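Just below is one structure, and these are the notes that go with it.
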Amino acid sequence: MLLADVVTASATVAATRSRTAKATAIADVLRRADDDEVQPVTAWLAGDTLQGRLGVGWRTLARLTHDAAPAPTLTVAAVERALTELAGTAGPGSATRREATLAGLFGSATADEQRFLVRLLTGELRQGALEGVVLDAIATAADVPAATVRRAFMLSGSLPGTAATALTGGTPALVAITLQVGRPVRPMLASPGSSLDAALADLGEDVTVEHKLDGARIQVHRDGDDVRVWTRTLREVTDGVPELVDRIRALPCRTAVLDGETLALDDDGRPRAFQDTMSRFGSGASDAAVLLSPFLFDLLHLDGRDLLDEPLDVRLDALAELLGGEEHAALRMPGVRRPTPEQAAGVLDGALTAGHEGVVVKDLAAPYAAGRRGRAWQKVKPVHTLDLVVLGAEWGYGRRSGKLSNIHLGARDPDGGEPVMVGKTFKGMTDELLNWQTRTFPGHAREQHGWGVLLEPELVVEVALDSAQRSPRYPGGVALRFARVVRYRPDKSPAEADTIDAVRALLAGG
């Protein structure tokens, strides 16, 4: 297959807002790909490479985008070989060898292919929920049920691998993919709930109401004495969190897969600042003075028994038995099963009094639907918050002169298009945050103007807001009311930002 075929499909995907049209274009390419081409093609159309980040900068690529080939001859296999060689080049003289590899690749590419490669290698092809569209395309191309594809993906964690399995082995091969201790599962997510009363009315009496912490999501796997920890993005952080490893290793079991949150507490047992918790998950050396405490709320596997498909009620029974000893009781996320309305309100009050964000209301009959933000889990906070993508920033004036201040906010398009702008805000910004934005934003700039910068959709910010209102000013027909910055979310990718549908759900009377 030629790279040009992938470029054409990518252009089709970018040119339409129709989820069906996007999936159809991707499915067509996947059907025509050879077995050894399926994985790279799938990765590229989802905005990734099989090799991960390759550390190639804009300046290097800009020097290579000239003297384009007159006609497409570059194959998928040739591109994949070049990217693999690039990823494996290190040591003395590696910079020269890497540039030579890139020069050979770009010299064989047409102008359209060069533009595609630049966007792919710099991460600009990432399109948020396009992952879901690719899953639909895999199901169509392989003529297998979409639900089977999604389950295989949630258990394997690999979109390219799921595509290859579906297209070469069909439904039997997909069904054969099961939970494996030591291989992380995509986490189940909660949808924003408008209020505690509304969540209880929606889900009924057969629920559990648990604290919602201002911490970091963790998934912990234990196999004998081997304990491994992943973040919500499935990045392994085991070596940086030895205190969590020790707590799980002390549990009375041999194998387990646990879901929960972790955060740093002060001497009074109250949560420290979110940044203190996240300091333990950075790329540099962790802050050994900041100790993390785990709070577990789900159990997906225990001693050879998979619990994913069991109702939450059954999973919680198993978790309660595992953490039943007095020495392990503190590991359990606080909450109440089948509460009365008064008890549910008490859980919320208790969470807020303890310094936490709110509560999560969960359907006790629901299985673990990994990777999905459904209605079975609803998070309730007294203040509405959304995780949005920063699309740009304007230069400030007055006291903020010389600082990038007023930020443009975008919600994720659930069908994989560009983020949809829903408002601007300069509220809630400290001097420290203004300085950080001014230093950081130019490195993410898509365009620079006299008024400010337009950014690549790479940074996620949490904003608080009173509500949303209908507005013809923005393309999504909705705008935020009284938005203010809470913090940036380095633990979240643009693919995890809230959708335009979540913003519309906050419309008065909506």
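The values are calculated or read from the model by the stated rules, or taken from the named source; none is laboratory data. What you see is a predicted model, and the numbers here were worked out from it, not measured in a lab. Here Cβ is always computed from backbone atoms with ideal geometry, including for glycine, and neighbour counts include all displayed protein chains. What goes into the accessible areas is simple: the full protein's heavy atoms, side chains included, and nothing from ligands, DNA or RNA. Shrake-Rupley method; radii C 1.70, N 1.55, O 1.52, S 1.80 Å.
Rolling a 1.4 Å sphere over the protein heavy atoms, what is the accessible area per residue of the chain, to the nearest Å²?
That works out to 43 Å² per residue.
What's the long-distance tail for the chain, i.e. % of Cα pairs beyond 31 Å?
For the chain, the share of Cα pairs beyond 31 Å comes to 50 percent.
Mind listing which trypsin sites (Lys or Arg not before Pro) in the range 217-285 are in a DSSP loop and have 12 or fewer other Cβ atoms within 10 Å?
Those that pass, being in a loop and sparsely packed, are Arg235.
Note down the relative contact order for the range 67-210 as a percent, whole number, built from C-alpha pairs under 8 angstrom at least six residues apart.
16
Considering Cα pairs under 8 angstrom that are at least six residues apart, work out the relative contact order of the range 1-127 and quote it in whole percent.
Across the range 1-127, relative contact order equals 36 percent.
Name the shape class, rounded, prolate or oblate, that the alpha-carbon gyration tensor gives for the range 397-510, where a ≥ b ≥ c are the square roots of its eigenvalues, rounded holds for a/c under 1.5, and otherwise prolate holds if a/b is larger than b/c and oblate otherwise.
Prolate shape, in that a/c is at least 1.5 and a/b is the bigger ratio.
Any idea what the relative contact order of the chain is, in percent, if you count C-alpha pairs under 8 Å spaced at least 6 apart?
Reported relative contact order: 13 percent.
Taking only Cα atoms, what is the 0 to 90° angle, nearest 10, from helix 159-175's long axis to the longest principal axis of the chain?
For 159-175 against the chain, the angle is about 70 degrees.
Stretch Thr171-Ala11 to full length: gain in nm at 0.36 nm per residue minus the Cα-Cα span?
54.6 nm is the gain from fully extending Thr171 to Ala11.
Which value, in Å to one decimal place, does the Kirkwood hydrodynamic radius take for the range 56-130 when every pair of different Cα atoms is included?
12.9
What is the log10 of I(q)/I(0) for the range 161-305, computed with the Debye formula using one identical point scatterer on each Cα and no solvent, at q = 0.10, 0.17 Å⁻¹?
-0.45, -1.06
Rg/Rh for the range 285-444: what does it come to with C-alpha atoms and Rh from Kirkwood?
Taking Rg over the Kirkwood Rh, I get 1.07.
Take Arg115, project a point 7 Å from its Cα along the Cβ direction, then tell me which residues of the range 3-22 have their backbone nitrogen under 14 Å from it.
Residues 7-15 fall inside that zone.
Expressed as a fraction of 2.2 N^0.38 Å, the rule-of-thumb size for a compact globular protein of N residues, what is the C-alpha radius of gyration of the range 155-210?
With N residues counted in the range 155-210, Rg over 2.2 N^0.38 Å equals 1.74.
So what's the range 97-238 giving for Rg/Rh, alpha carbon basis, Kirkwood Rh from the mean inverse pair distance?
1.08
Taking the Cα centre as origin and putting +1 on Lys and Arg beta-carbons and -1 on Asp and Glu beta-carbons, what dipole magnitude results for the range 307-370, to the nearest 20 debye?
120
Rounded to two decimals, what is the ratio between the C-alpha radius of gyration of the range 352-436 and 2.2 N^0.38 Å?
Cα Rg divided by the expected 2.2 N^0.38 Å: 1.49.
Between Asp466 and Thr353, what is the FRET efficiency for a Förster distance of 22 Å, r being their Cβ-Cβ separation, to the nearest 0.05?
0.40
Among Lys362/Lys424; Lys403/Lys427; Lys212/Lys492; Lys379/Lys492; Lys212/Lys427; Lys362/Lys427, which pairs are too far apart, with a Cα-Cα distance over 22 Å?
Lys362/Lys424; Lys212/Lys427; Lys362/Lys427
Using only the alpha-carbon atoms of the range 276-352 as identical scatterers, what base-10 log of I(q)/I(0) does the Debye formula give at q = 0.27 Å⁻¹?
Log10 of I(q)/I(0), two decimals: -1.16.
Multiply the residue gap between Asp309 and His444 by 0.36 nm, knock off their C-alpha separation, and tell me the result in nm, one decimal place.
44.5 nm
Give, rounded to the nearest 20 debye, the magnitude of the charge dipole that the range 123-258 has about its Cα centre when Lys and Arg contribute +1 at Cβ and Asp and Glu contribute -1 at Cβ.
It comes to approximately 380 debye.
So what is the calculated 222 nm ellipticity per residue for the chain, using -39500 (n - 2.57) for each DSSP H run with n of 4 or more, over all residues, to the nearest 500 deg cm²/dmol?
Estimated from H runs of four or more residues: -10500 deg cm²/dmol.
Could you give the size of the charge dipole of the chain about its Cα centre, using +1 on the Cβ of each K and R and -1 on the Cβ of each D and E, expressed in debye and rounded to the nearest 20?
1500
Which values, in whole Å and largest first, are the semi-axes of the equivalent ellipsoid of the range 1-122 obtained as the square root of 5 times each eigenvalue of the Cα gyration tensor?
With the √(5λ) rule applied to the range 1-122, the semi-axes are 25, 15, 13 Å.
Starting from 0.36 nm per residue, how many nanometres of slack lie between Thr340 and Arg63 once their C-alpha separation is accounted for?
Value of the extension gain: 93.1 nm.
Per the 1.4 Å probe, what fraction of the accessible area of the chain, in percent, lies on carbon and sulfur atoms?
Of the solvent-accessible surface of the chain, carbon and sulfur hold 51 percent.
Starting with the highest mean, order 205-216, 309-320, 84-95, 424-435 by the number of other Cβ atoms within 10 Å, averaged over the residues of each peptide.
205-216, 309-320, 424-435, 84-95
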